[in-house]
Amino acid sequence: MDKVIDATDHILGRISSRIAKELLEGNKIVVINAGMAVITGNPKLTVENFRIKNRRGDPHHGPYYPKTITGIFKRSVRGMVPYKKAKGREALKRLSVYSDNPKKLKGNKEGKNISNLECRYITLADVAKKLGGK
């Protein structure tokens, strides 16, 4: 059975670490509304940091950084699992990420959200849009 997590108004790093822990335990995770996850900090600096990562390296030989909502979300989870080992690769295969809610699933709200934030933030959908992703 899949565990469905709704990423709306959740901090990207915090929800990614929870998901990584669940994946390493052997659970299958489906993330919905990934575009509504937020990244805290100055929005202009956040977008500029992602642009620097995208421009880094050679377009033919990498490193490759995602521009889409689902790609950025998966990449943040990938950084929290040992993806170069078999255990980490198998864990990432159990992760499904959707930028919206295509199957009208009911997701659980887990962890901290933006209701008690006092700093500036930007949504993952806005970051992807400014990077030129879909």
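We did not get these values from a lab; they are worked out from the coordinates using the rules stated. What you are looking at is a predicted structure, and each value in this text was computed from that prediction instead of being measured. Cβ atoms come from the backbone with ideal geometry, glycine included; neighbour counts cover every protein chain shown.
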Once K21 and D2 are pulled to full extension, the length gained, defined as 0.36 nm per residue separation minus their Cα-Cα distance, is 5.3 nm
Rounded, prolate or oblate (a/c below 1.5 giving rounded, otherwise prolate when a/b exceeds b/c) for segment 93-134 by Cα gyration tensor
oblate
Taking just the C-alpha trace of segment 1-52, give me its Rg and Dmax in Å.
13.0, 40
How much net charge surrounds G62 when only the other residues with a Cβ under 14 Å from the Cβ of G62 are counted, with Lys and Arg +1 and Asp and Glu -1?
+3
Give me the distance between the Cα centres of segment 88-104 and segment 31-71, rounded to whole Å.
18 Å
By Cβ neighbour count within 10 Å, fewest first, H10, H60 rank H60, H10
Charge sum, other residues only, whose C-beta stays under 12 Å from G26's C-beta, Lys/Arg counted +1 and Asp/Glu -1:
+3
Can you compute the charge dipole magnitude of the chain about its Cα centre, using +1 on each Lys and Arg Cβ and -1 on each Asp and Glu Cβ, nothing else charged? Give it in debye, rounded to the nearest 20.
400 debye
Give me V38, V81, V30 sorted ascending by neighbouring Cβ count inside 10 Å, so fewest comes first.
V30, V81, V38
Have a look at E22, E48, E118 and tell me which one the Gaussian network model of the chain (Cα, springs below 10 Å) gives the largest fluctuation.
E118
Cβ-based net charge around A128, under 11 Å, with every Lys or Arg adding one and every Asp or Glu removing one
+3
Span-rule helices in the chain, defined as complete DSSP H runs reaching 15 Å or more along the axis (Cα) with Kyte mean at least 0.0:
12-24
Let me know the Kirkwood hydrodynamic radius for the chain, please, with Cα pairs as the basis and the value in Å to one decimal.
15.3 Å
